[in-house]
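Colleague: Below are the structure tokens for one structure; questions will follow.
The values are calculated or read from the model by the stated rules, or taken from the named source; none is laboratory data. None of the values given here were measured: they were computed from a predicted structure. Cβ sites come from the backbone with ideal geometry, for glycine too, and all protein chains shown count toward neighbours. Side chains included, ligands, DNA and RNA excluded: accessible areas come from the protein's heavy atoms. Shrake-Rupley method; radii C 1.70, N 1.55, O 1.52, S 1.80 Å.
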Amino acid sequence: MDCSDNNSPAPYSQSLPYITSNNPLQFTIHLPNLNPNSSSTSDSNPNTNLNSDSNSLSDQLLSLAIPTKRRRGRPRSTTSSLDRFNKTLVENSNRVRNLTARTNATSSDASDEIIVINKEATTEALIALTAGFPADSLTDEEIEAKVVSVVGGIEQVNYILIRNHILTKWRVNVSTWITKEMFVDVIPKHCCALLDSAHNYLVSRGYINFGVAPAIKDRIPAEPSKPSVIIIGAGLAGLAAARHLMMFGFKVTILEGRKRPGGRVYTKKMEGGNKVAAADLGGSVLTGTLGNPLGLLARQLSYTLHKVRDKCPLYRVDGKPVDQDLDHKVETAYNLLLEKASTLRQLMGAVSQDVSLGAALETFRQDYENAVNEEEMGLFNWHLANLEYANAGLISKLSLAFWDQDDPFDMGGDHCFLPGGNAKLVQALAENIPILYEKIVHTIRYGSDGVQVVAGGQVFEGDMALCTVPLGVLKGGSIKFIPELPQRKLDGIKRLGFGLLNKVAMLFPYVFWGTDLDTFGHLTDNSGSRGEFFLFYSYATVAGGPLLLALVAGEAAHKFETMPPTDAVTKVLQILKGIYEPQGIEVPEPIQTVCTRWGNDPFSLGSYSNVAVGASGDDYDILAESVGDGRLFFAGEATNRRYPATMHGAFLSGLREAANIAHHAEVRAMGLKVEKKPSKSAHYYATVLDDLFREPDVEFGSFSIIFASKSSDPESPAILRVNFNVPQSRNHGGTRPDRHLSNKLLFQQLQSQFNNQHDLHVYTLLSKQQALDLREVRGGDPMRLNFLSEELGVKLVGRKGLGPNIDSIIASIKAERGTRKHGSRSLTPKSGVMKSKATNIKGKTVRKAKVVSGGNRITSFPAVSSRIKAVGSSTTMIPLTNVDLEPKPVGAIGSVASPSLNIGVSDNVGSNSVGSGSVHLLLNASIGDKFDGNIDSYTVPILDVGGKTGSNSDGPVYPRSTYDDSTDTCAPPSSGNSAIQHTSGDGELETMMLDGESRM
């Protein structure tokens, strides 16, 4: 079948963004008009219709240097997201444009042609990104599913084009059932097998055709024809898995210990005094709606989502509002400390796995202890409380190495409330699902013949079982597994953290706090109780009545478990009266109040998971592993490495396990055995990458390159590695022995780790043509680094800085190399160009990392995802241009950023240096940030204006005008009866009627 643009579908619905372009490197993103009648300001209309795919795709693709978790409780404005998106898109254009550029290829053999489905290949690639797919490569799961016969090459490109097209077509109308027949007119006949492969993969894995739309529910057969599955738990994971399995024809039974479905998603109806409101006492915020499956469910049900508005004023202990300038300054300093902690873990390497985030932050904070006032420290503690809320864990127990390991997979888009509560989604998912309530499971037996699940005096038998209980229950050991779970899984359960968040929900006679905001915060003067009622959620616009929720996080959440409800309500009212009564606003007594006790709820024993000290993202994968030769499976937010601690993470894990169960059942029916594959961790891919670079395709100077494809396509991806050699050395005189730190061992470990480092490897992604052009550059490594920076505009980063899609590229290269015959590489150095033995950029340890400058002008480097500070003067030959430190250190650690460590590296290779200029790399620094003008004219943003620490207190930072938000880098130029209820989650309510005239 010939490809024709006449077969291209009509332009997509305005619910999706679209792209216009004549050049794949320069195209315009057209975002949908979400509400034609609303103004451009984000706060103007609290009820804007925000369906999941009606948002800008920009947030999904942003390269966030500041961890997103810290902002969960306090959203920030995204008015400049389109500008940031365009900048980020240029940086990632090599991958995104490949699909578009390759559609121009021609061949005499139809099977070797790049198919043309329509002119929207780039748009569809962006849609696929929101679903977690790389723009132009396969995921590990696709490779393992053998969706193509050969990894790499034209067949893979055509598969990806078809996959992206199918996914986009369903996203246009998520209430339809997508069939293969819908694409026969646009997919060439010779690609029918790829159409089958892509469609089957997307349906089986739950990327399309899932949810509660009538067209999808009608696909559930009246009678099951496949094996039986027992699901323990009717939360989002269990409900998602049940629906998907029933659609596949499995017989499903859910055993739920509570009297209701939803698990930790619980909406309670509060009423009194002719007022009614729906309070989300558990999961409440849809954290990012781009590609969020719960947002897609809301679309299917025609529910309107409410964007959590950016406005979030903070109030001091005395009730007065915090000065906005001071608020911004402290938040900047707080973010700076987190960046220092991020760089610290890179320097420490494996040692950081045994250090807490809290220890690092406390060490840095003590640098400023004598330079801050009480209000500034209160603000700083508020941000720490917000961080503990985002992670449901104490920062003293969060892993410095991996606390934010899921940030690269953050679903972009707005944070939203669902008016009427998230129970509306739960009820829709639970409809017509066989759920047996009040069945408290205490034993699960599994073996080669099937499973037995014991609940009370009843035994339920099935072919397979899916356990979706929270991590807290697994930690508590109330369920006995026979045989015992593998030690590997038990260790993972033990290592991962499971934290706590509690709430006080209050229904008032009327709204006294105003309806122009959704959140506001309150400071405390006691760091030990910083999380106590630190944040308030206004549900007045979404709950149906005047409802206010106060959040309790961190250590305060644990103390709250034993606090009498009357005391809790009294404290909350004192805070509210302190804020509003000075404004002349009377705070009435609440009509009804409910306090949660999730830590004492026997069906949860906590709120949600986090990466504790000693744990890593690998533990989420370990918890997700099935046991018993495919008889017992596990789902839930704590089994989802990419989206832990979220409602959509739980839902997606249910879809994932439904696919795994179906696969095991199919293989078992064929008399085969499923080959167990170890979890593919970040460490696994780092090891694979090291192995691949043992035999690079091209080497020259300190540069080595591996190509992602053996084809001659000049736009195919290539991974470049630059090797800097750092001889072992000791730092003499860089430390300040007179400084007393709370965690001296931390820095001793850091120094030891640094002194044993020998090589720094930094990377970037290029096209094959760019890599070959780089090889032709003359003048040695300095000129090649300059070519990367000035001509190609790329930056060098650590392996993790290559982004989440790099793993699929590495897997693709590994798979393709496995099919190559030894000595038959087609991508070898050109004739006449020697494949030289790898050389290293030598260096010696000194206090300052020197950089090249011309004349007396400070050399400018391109923006990267960190900071750089300059002071002093010196010269060198090799510019460490656009290098972003990640795994191993190069540069000086000192002055402002390092309280007790001063380590540095300077290049000492040649004598071609000119001019003067010197750079201090601080703990938040990375080689490559640009700076202009007088480098000594700006001061470090610390907690106290003008306060400075360290030996170089005049170290500069960049002016705000040079800061790029998208990459976090610097770039160039009434009374009545009141009822108080206390509940353990949703257990027995403890109710007290209080005299409306009395004070609690």
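Colleague: 7 Å from Cα along Cα→Cβ at both residue 567 and residue 181: what's the point-to-point distance in nm?
Modeller: Inter-label distance under the simple model: 6.8 nm.
Colleague: Under the definition of Cα pairs under 8 Å and six or more residues apart, what whole-number percent is the relative contact order of the stretch 110-208? Write out the running numbers ahead of the final one.
Modeller: Values: 93 pairs, mean separation 33.4, N = 99.
The value is 34 percent.
Colleague: Let me ask something else about it. Of the options 162, 193, 172, report the single residue whose Cα projects farthest towards the positive end of the charge dipole of the stretch 110-208 (beta-carbon charges: Lys, Arg +1; Asp, Glu -1).
Modeller: Among 162, 193, 172, the one farthest towards the positive end of the dipole of the stretch 110-208 is 172.
Colleague: I've got another one for you. Could you check the simple spin-label distance between residue 791 and residue 431, using points 7 Å along Cα→Cβ, in nm with one decimal?
Modeller: Here the modelled spin labels are 6.2 nm apart.
Colleague: Taking amide hydrogens as modeled 1.01 Å from N in the peptide plane, which residues meet the under 5 Å criterion relative to residue 612, leaving out close sequence neighbours?
Modeller: Counting only residues 5 or more places away or on other chains, the set is 399, 497.
Colleague: Holding the Cα-Cα limit at 23 Å, pick out from 226/489; 146/710; 503/559 the pairs that are longer than that. Please report the intermediate quantities before stating the final value.
Modeller: Details: 226/489 29 Å; 146/710 19 Å; 503/559 13 Å.
Cα-Cα > 23 Å for 226/489; rest within.
Colleague: Continuing with this model, one more query. Using 10 Å bins from zero, what percent of all Cα-Cα pairs in the stretch 428-471 falls into each bin?
Modeller: Taking all Cα pairs of the stretch 428-471, the binned fractions are 23, 50, 25, 2 percent.
Colleague: Moving on to the next point. Roughly speaking, what is the stretch gain from residue 218 to residue 815, that is 0.36 nm per residue apart minus the C-alpha to C-alpha distance, in nm to one decimal? Mind dumping the intermediate values first?
Modeller: Details: separation 597, 0.36 × 597 = 214.92 nm, distance 3.99 nm.
Length gained between residue 218 and residue 815: 210.9 nm.
Colleague: Based on the alpha-carbon gyration tensor of the stretch 110-208 and its eigenvalue square roots a ≥ b ≥ c, which shape applies: rounded if a/c is under 1.5, prolate if not and a/b is larger than b/c, or oblate?
Modeller: Values: a/c = 1.34, a/b = 1.15, b/c = 1.16.
Note, shape of the stretch 110-208 comes out rounded.
Colleague: Ranked by accessible surface with a 1.4 Å probe, highest first, in what order do 259, 710 come? Could you put the intermediate results ahead of the total?
Modeller: Details: 259 145, 710 105 Å².
Ranking 259, 710 by accessible area, largest first, yields 259, 710.
Colleague: Provide the per-residue ³J(HN,Hα) series for the stretch 640-657, in order, calculated from phi with Karplus coefficients 6.51, -1.76, 1.60 and θ = phi - 60°, each as a whole number of Hz, with x at glycine and proline positions.
Modeller: 10, 5, 7, 10, x, 6, 9, 5, 5, x, 5, 4, 5, 5, x, 4, 4, 6
Colleague: Kindly list the residues of the stretch 447-469 that lie in the label zone of residue 480, defined by a backbone N under 18 Å from the point 7 Å along the Cα-to-C-beta vector.
Modeller: Counting only backbone N, you get 447, 451-461.
Colleague: Run the numbers for residue 317 and residue 192: contour at 0.36 nm per residue of separation, minus the present Cα-Cα distance, in nm.
Modeller: Numbers: separation 125, 0.36 × 125 = 45.00 nm, distance 6.67 nm.
The span from residue 317 to residue 192 would gain 38.3 nm if fully extended.
Colleague: On alpha carbon coordinates alone, what is the Rg over Rh value for the stretch 485-570, Rh being the Kirkwood radius? Walk me through the numbers on the way to the answer.
Modeller: Values: Rg = 17.1 Å, Rh = 15.0 Å.
Computed over Cα atoms, the ratio is 1.14.
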